[in-house]
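Student: I am attaching a structure below and will ask some questions about it afterwards.
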Amino acid sequence: MMDSTLYSRDILRLATALEAGDRLQNPDGTAECRSPVCGSRIEADLNLADDGAIAEIAIRANACALGQASAAILRSNAVGADLAVISDMRDKIEMALKKNGDMPQNWHDLVVLTPARNYPSRHAAILLPYDALLAAADKIIPIS
């Protein structure tokens with residue numbers, strides 16, 4: 001049975017916002033991350049602008065509604081940000097989940113993930129989209 005506190009209408013709305021089969025034509029980097037805890041899988045494509053900011057992303061999720069919602073939040077906010085911002089957001093989300101802190105305020109929809117702090121087995125799925133995007137960035141070889 002689904003926990004209505006955890007799987008709220010807002011979580012389900014965000015989870016269904018991802019485009020199935022979302023891909024970039026010629027990504028600068030692509031990576032897939034899996035959670036050994038819950039089996040969720042996220043694959044991310046990434047293109048960077050000349051200044052290092054995120055120009056485009058595509059995310060494919062085979063994850064629970066929380067992982068999908070987290071991916072949708074990342075997808076709707078990442079373009080224009082630099083990778084340091086994404087890494088910082090990931091760390092702040094992890095701290096909010098593990099230490100009962102507040103979710104970062106600059107991405108409004110993150111607040112819907114707050115009830116997941118009481119479900120440690122779901123934390124990995126929420127962080128997985130960030131891990132996949134950062135892993136895709138690690139695969140980009142700078143041209144000298």
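Student: So LEU12 fits all but one of (1) free of Cβ contacts under 8 Å to residues at least 24 places away in the same chain; (2) under 21 Å from ALA124 (Cα atoms); what number is the exception?
Tutor: Condition not satisfied by LEU12: (1).
Student: Further question on the same structure: Please determine, by comparing only the residues of the range 48-91 that are of a type in the set (S, T, N, Q) and either at pLDDT 95 or above or under 17 Å from HIS108 (Cβ atoms) (or both), which one is surrounded by the most Cβ atoms within 10 Å (Cβ to Cβ).
Tutor: SER70
Student: If we scan the range 17-26, do we find a residue that is surrounded by 14 or more Cβ atoms within 10 Å (Cβ to Cβ), among the charged types (D, E, K, R) and touching a Cys at 6+ places or on another chain (Cβ under 9 Å)?
Tutor: no
Student: Only one residue in ARG9, ARG34, ARG90, ARG75 is touching a strand residue (DSSP E or B) at 6+ places or on another chain (Cβ under 8 Å), within 24 Å of THR114 (Cβ to Cβ) and of a type in the set (Lys, Arg), so which one is that?
Tutor: ARG75
Student: Taking the stated definitions as given, is GLY101 surrounded by fewer than 17 Cβ atoms within 10 Å (Cβ to Cβ), of a type outside the set (Asp, Glu), free of Cβ contacts under 8 Å to residues at least 12 places away in the same chain and under 12 Å from LEU128 (Cβ atoms)?
Tutor: Spelling it out, it is not the case that GLY101 is surrounded by fewer than 17 Cβ atoms within 10 Å (Cβ to Cβ), of a type outside the set (Asp, Glu), free of Cβ contacts under 8 Å to residues at least 12 places away in the same chain and under 12 Å from LEU128 (Cβ atoms).
Student: For the range 97-120, name all the residues that are over 26 Å from ASP50 (Cβ atoms) and under 15 Å from the mean Cα position of the chain (by Cα). Let's see the steps before the verdict.
Tutor: Of the residues in the range 97-120, the ones over 26 Å from ASP50 (Cβ atoms) are 97-105, 108-120.
Across the range 97-120, the qualifying residues are LEU97, MET103, PRO104, HIS108, ASP109, LEU110, VAL111, VAL112, LEU113, THR114, ALA116.
The values are calculated or read from the model by the stated rules, or taken from the named source; none is laboratory data. Remember, it's a predicted structure, so these values are computed and weren't measured experimentally. Cβ: placed from backbone, ideal geometry, glycine included. Neighbour counts: every protein chain shown.
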